[in-house]
Amino acid sequence: HLKRGSDWRVPRLLASGVPASVYVYQTPEKLKDGWEPESWSKAGLDEKILQAGLQKVVDGTYPHIHGVLALYRGKLVLDDYFYGYGPGDLHPAQSETKSVFSALMGLAVDQKRLQLTERLYDFFPDYRKSAGWDGKKDQITVRQILTMTSGFACNDWKDAKACSWAMVHSPDWLAFSLSGPLGQEPGSRFAYCGACLLPLSAILERRAGMTVPQFAQKYLWDPLGIQKVHWFKGPGGIVPVSFGLEIRPRDLLKLGALYLNQGRWRGKPILSTDWVHDSTAPQVPKSQTNGKNDYGYLWWERDMPFQGGTTRVFFAWGVGGQYLFVAPALDLACVITGGNYKDGRLGANSLKLFQENILGALP
């Protein structure tokens, strides 16, 4: 009983059972999921640059990269897997789940079930009666939660054990999230906090009258032709906003295509153009995040080097090297999955692969 990504100790095996030492490209397989494959050469991509990047995956220079997919001008030009993974396998999205949930919140806003200006504790008024209630919490809005500026004293980048991991080990995740103290004025400062997002799950379920997985299936997955996903559930069945989704990389790429096409899939509107624009626009400047990336509504954004200048890219980002990149000006989307959970420096290889070998190969 081999476990993918763990017991497969090398990126790829030849039919003889010998580890592959040279990367060999194959045009993506045409499956029953709507993607039209196209070869690198027909797409006009620089094969040498792409080959050089994927060779680093095969020879271990970039270890534990499980999959690399690219959609260029509407065609699937790359769909490659390593360490025993394949196109039919679900893969943990980790914090990319946040960006998927951003799309669900956009659907709720589009359907007028919710407004970003609504106050958090109007949904949970009983907490105002609790001992030690801080009246400043009444300032917290749904929008501030989506931009990681809620003001709660929680920062996973500084101490995840006391924040999101503490929530995971608590018996009531919603109570943990809503009972936390403030560390700064709501709306004043960015702090990356997964636990702070948990109330959005309960809010969406209340306003939609169905569970998060049911809402996602009806209004996002079904329209995109996606049937195989898995949501993690916490105590009482609550679905976390910040992690826990497992999805096929080819299906995650459909979310990238949806955003590339301003909320439309195969010509049919699914998500409003306004939400696509606003959620991927810089709501929080990079000076308040990590100095490199702006932040939208649970999406990251950055100007990346391209042909002597820069191009704007927004992306979903998860621990271990999980990325969904979307470059609108280039009509490009890219999914990279990985298993580099123990070393963030290795996880950064996914970003290098995209910047140097995917963007670098474009005409």
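A few remarks follow.
- Within the range 251-267, being more than 26 Å from Asn293 (Cβ to Cβ), touching a residue at least 12 places away in the same chain (Cβ under 8 Å) and either crowded, with 20+ Cβ neighbours inside 10 Å or not basic (Lys, Arg) (or both) holds for one residue alone: Trp265.
- Residue in the range 103-124 that is of a type in the set (A, V, I, L, M), open to solvent by less than 50 Å² (accessible area, probe 1.4 Å) and closer than 30 Å to Ala361 by Cβ present: yes
- Scan of the range 186-207 for residues that are closer than 14 Å to Ile238 by Cβ and crowded, with 16+ Cβ neighbours inside 10 Å, ordered by number: Gly194, Ala195, Leu197, Leu198, Pro199, Leu200, Ser201, Ala202, Ile203, Leu204, Glu205
- For the range 228-254, a tally of residues being in a loop (DSSP other than H, G, I, E, B) and modelled with pLDDT of 95 or more returns 11.
- Only residues that are free of Cβ contacts under 8 Å to residues at least 24 places away in the same chain and under 19 Å from the mean Cα position of the chain (by Cα) were counted across the range 82-98, and they come to 0.
- Candidate set from the range 268-289 (those that are part of a loop (DSSP other than H, G, I, E, B) and without any contact (Cβ under 8 Å) to a residue 24 or more places away in the chain); member that is farthest from Leu245 (Cα to Cα): Pro285
- Pairs meeting the criteria (first residue in the range 199-228 and farther than 17 Å from Leu258 by Cα, second residue assigned to a helix (DSSP H, G or I) and open to solvent by 40 Å² or more (accessible area, probe 1.4 Å), beta carbons under 7 Å, at least 6 apart or on different chains) are Thr211/Glu205; Val212/Glu205.
One line per residue, one yes/no per condition, for (1) in a loop (DSSP other than H, G, I, E, B); (2) small (Gly, Ala, Ser); (3) modelled with pLDDT under 95; (4) under 22 Å from Tyr323 (Cβ atoms):
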position: Gly5; (1), (2), (3), (4): yes, yes, yes, yes
position: Val10; (1), (2), (3), (4): yes, no, yes, no
position: Ala15; (1), (2), (3), (4): yes, yes, yes, no
position: Lys30; (1), (2), (3), (4): yes, no, no, no
position: Gln55; (1), (2), (3), (4): no, no, no, yes
position: Ala70; (1), (2), (3), (4): no, yes, no, yes
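- Among residues of the range 332-355 that are farther than 14 Å from His66 by Cβ, those with a beta-carbon under 7 Å from a residue that is modelled with pLDDT of 95 or more and open to solvent by 40 Å² or more (accessible area, probe 1.4 Å) at least six positions away or on a different chain give the pairs Gln355/Pro305.
- Residue within the range 128-144 that is touching a residue at least 60 places away in the same chain (Cβ under 8 Å), outside any helix (DSSP H, G or I), buried (at least 16 other Cβ atoms within 10 Å of the Cβ) and in contact with a Lys or Arg (Cβ under 8 Å, 6 or more places away or on another chain) present: no
- When Leu116, Leu104 are checked against the criterion of being outside any strand (DSSP E or B), among the hydrophobic types (A, V, I, L, M, F, W, C) and either in contact with a Cys (Cβ under 7 Å, 6 or more places away or on another chain) or without any contact (Cβ under 8 Å) to a residue 60 or more places away in the chain (or both), Leu116 stands alone in meeting it.
- When residues of the range 292-316 are limited to those that are under 17 Å from Asn357 (Cα atoms) and small (Gly, Ala, Ser), the one nearest to the chain's Cα centre (by Cα): Gly309
- Hits in the range 146-161 - residues which are surrounded by 14 or more Cβ atoms within 10 Å (Cβ to Cβ), out of contact with any helix residue (DSSP H, G or I) (no Cβ under 6 Å at 6 or more places or on another chain) and assigned to a helix (DSSP H, G or I): Leu146, Ala160
- For the range 205-221, a residue qualifies if it is over 19 Å from the mean Cα position of the chain (by Cα) and at negative phi, and the qualifying residues are Glu205, Arg206, Arg207, Ala208, Met210, Thr211, Gln214, Lys218.
- Candidates Ala108, Ala93, filtered to the one that is under 28 Å from Glu38 (Cα atoms) and modelled with pLDDT of 95 or more: Ala93
- Per-region count, the range 26-63, residues free of Cβ contacts under 8 Å to residues at least 24 places away in the same chain and touching a helix residue (DSSP H, G or I) at 6+ places or on another chain (Cβ under 7 Å): 1
- Among the residues making up the range 75-97, those that are in a loop (DSSP other than H, G, I, E, B) and either touching an Asp or Glu at 6+ places or on another chain (Cβ under 7 Å) or open to solvent by less than 20 Å² (accessible area, probe 1.4 Å) (or both) are Phe82, Tyr83, Gly86, Pro87, Leu90, Ala93.
The values are calculated or read from the model by the stated rules, or taken from the named source; none is laboratory data. These figures come from a predicted structure and were not determined experimentally. No Cβ is skipped: glycine too gets one built from the backbone with ideal geometry, and neighbour counts run over all protein chains shown. The protein model used for the area step is the full one, side chains on, heavy atoms only, and it has no ligands, DNA or RNA in it. Shrake-Rupley method; radii C 1.70, N 1.55, O 1.52, S 1.80 Å.
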